[in-house]
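First the structure, in the form of structure tokens, and then the observations on it.
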Amino acid sequence: MARKTFWFMTGAIALLVAVVGIGQWKGIETTWADSQINGPNEITGSSSEAIAELKRVIHSDDQNFVYLYKSNCGHCTKLEPVISAAAEKKGVKLYRFNLTNYGGALDLKNEKGLPLVHFYKELPAVAYYNKGWLIAWIEGDESDKKYEEFYEHFQFGDDDGHDNGKGHKHGDGHEHADMK
């Protein structure tokens, strides 16, 4: 009987050690995975802090691009290098916002009640905001050229095409491809 109790206790302890060990390993894996997902200009913090920062970015007097994604989205993972490289190539500061962590942001609306974040049909999406307004967006599985054209179209002038001091005016002899 003592021998059965010994083996039972040994098995229970081994199982406990295995469960705790796997839990710690999973925690390390999650931390590592999150560090791989979080890129430059990632909006992070507690839910209320991150959503407040996103609001600040959206309502800023500056023009801003925000990359909206979910960490469990296959298209997002696949297209993140394309989206980021296109922004870098065009010299655009691209904010990143993970909707998996901050789903409460989906409820944000502008002063007219129009959605500021939950406007897309599919992810990933890159939104262009100007002074609290969602002006345009590009979403889904698009080519690097399409993302570059999107950034280029909005990085120089405001939403109505007027020059903002950076030397780019609509109608100055350049053309933009259909932005979708």
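The values are calculated or read from the model by the stated rules, or taken from the named source; none is laboratory data. The structure presented is a predicted model; accordingly, all values stated were derived computationally and were not measured. For neighbour counting, all protein chains shown are included, and Cβ atoms are generated from backbone atoms with ideal geometry for every residue, glycine included. To get the accessible areas, we keep the full protein, side chains included, count just its heavy atoms, and leave off ligands, DNA and RNA. Shrake-Rupley method; radii C 1.70, N 1.55, O 1.52, S 1.80 Å.
Return the residue satisfying two criteria in turn: it lies in region 93-109 and is under 14 Å from Thr44 (Cβ atoms) and part of a loop (DSSP other than H, G, I, E, B), and of such residues it is most open to solvent (accessible area, probe 1.4 Å).
Selected residue: Asn101.
For a quick check of your reading of the model, give me the residue pairs whose first member lies in region 76-92 and is under 19 Å from Tyr120 (Cα atoms) and assigned to a helix (DSSP H, G or I), whose second is of a type outside the set (Val, Ile, Thr) and open to solvent by 60 Å² or more (accessible area, probe 1.4 Å), with beta-carbon atoms closer than 7 Å and at least 6 apart or on different chains.
As it stands, the answer is Cys76/Lys70; Leu79/Asp141; Val82/Asp144, since those pairs meet every condition given.
Please identify the pairs in which a residue from region 98-124 that is of a type in the set (Ser, Thr, Tyr) has its Cβ atom under 9 Å from the Cβ atom of a residue that is surrounded by fewer than 14 Cβ atoms within 10 Å (Cβ to Cβ) and not in a loop (DSSP other than H, G, I, E, B), counting only partners at least 6 apart or on another chain.
That search, which allows pairs on different chains as well, returns Tyr102/Ser47.
Taking region 110-119 as the region of interest, how many residues are open to solvent by 10 Å² or more (accessible area, probe 1.4 Å) and modelled with pLDDT of 90 or more?
The qualifying residues number 3.
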